[in-house]
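S.K.: Here it is, the structure, as structure tokens.
The values are calculated or read from the model by the stated rules, or taken from the named source; none is laboratory data. Keep in mind that what you see is a predicted model, and the values were worked out from it rather than measured. Note that each Cβ is placed from the backbone with ideal geometry, even for glycine, and that neighbours are counted across all protein chains shown.
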Amino acid sequence: GQLPDGFEVRLPTEAEWAYACRGGSQESHYFWWGNDLMEGKGRLNISAVDFLPGRETVWPLANAPWSDGYAFLSPVDHYGKKGRNGFGLADMCGSVWEFVLDDFDSTGGHEELHYRDNAKQTVISPVCRGGNYFDVPGNARCAVRLGIYSVSYSDSRDGFRVCIGKPRRTVAVQK
């Protein structure tokens with residue numbers, strides 16, 4: 001296929017990611033399915049570190065019902081329909097931290113993109129959303145955000161998903 005005129009493939013902004021994570025819900029739930037973590041069974045890959053061989057200590061709730069039995073990543077869309085939110089998006093909570101387009105700003109996500117330089121080209125501390133397979137369950141909440149130290153940082157627990165949309169407006173962040 002071909003992109004429609006005026007559209008591009010890019011990372012989502014924090015605001016776009018949060019909207020997509022909630023699957024169209026206007027409610028401010030912890031997770032896209034609601035507030036009860038125990039209802040995460042068959043919906044997210046989290047706390048997988050507890051399945052590593054020889055591990056003597058486990059995190060609280062290590063054998064909770066949301067555990068999928070994979071020590072690391074589970075296959076994409078492993079949970080099928082139950083693991084998809086109202087938009088049909090899979091793996092929005094858990095699996096990998098997902099990079100978004102914004103620079104980390106401790107006050108939260110914004111409609112405009114935030115850059116640290118006046119030329120509006122540099123994201124110094126990218127933001128990740130969604131938690132990962134190696135994380136505590138609370139980090140899989142829709143609202144949790146993580147500031148990454150540098151754009152050159154890499155880790156097997158981080159990833160991204162792209163969106164197709166119109167280019168975003170940018171604003172410089174005051175230092």
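S.K.: Restricting to segment 7-28, give me the number of residues that are acidic (Asp, Glu) and closer than 15 Å to PHE160 by Cα. Talk me through it step by step, then tell me what you get.
M.R.: Step one: of segment 7-28, the residues acidic (Asp, Glu) are 8, 14, 16, 27.
Now narrow it down to the ones that are closer than 15 Å to PHE160 by Cα: 14, 16.
Final tally of qualifying residues: 2.
S.K.: If you don't mind, there's one more thing I want to ask. Of the conditions (1) out of contact with any helix residue (DSSP H, G or I) (no Cβ under 9 Å at 6 or more places or on another chain); (2) among the charged types (D, E, K, R); (3) surrounded by 15 or more Cβ atoms within 10 Å (Cβ to Cβ); (4) modelled with pLDDT of 80 or more, LYS81 satisfies every one except a single condition; which number is it?
M.R.: For LYS81, the exception is condition (3).
S.K.: Right, next: For segment 54-62, indicate whether the set of residues that are modelled with pLDDT of 80 or more, surrounded by 11 or more Cβ atoms within 10 Å (Cβ to Cβ) and in a loop (DSSP other than H, G, I, E, B) is non-empty.
M.R.: No, segment 54-62 contains no residue that is modelled with pLDDT of 80 or more, surrounded by 11 or more Cβ atoms within 10 Å (Cβ to Cβ) and in a loop (DSSP other than H, G, I, E, B).
S.K.: While we're here: Taking strands (runs of 3 or more DSSP E) that fall entirely within segment 115-175, which contain at least 1 residues that are at pLDDT below 80?
M.R.: It comes to 170-172.
S.K.: Need the failing condition index for GLU98 against (1) at pLDDT below 80; (2) assigned to a strand (DSSP E or B), just the number.
M.R.: If we test GLU98 against (1) at pLDDT below 80; (2) assigned to a strand (DSSP E or B), just (1) comes out false.
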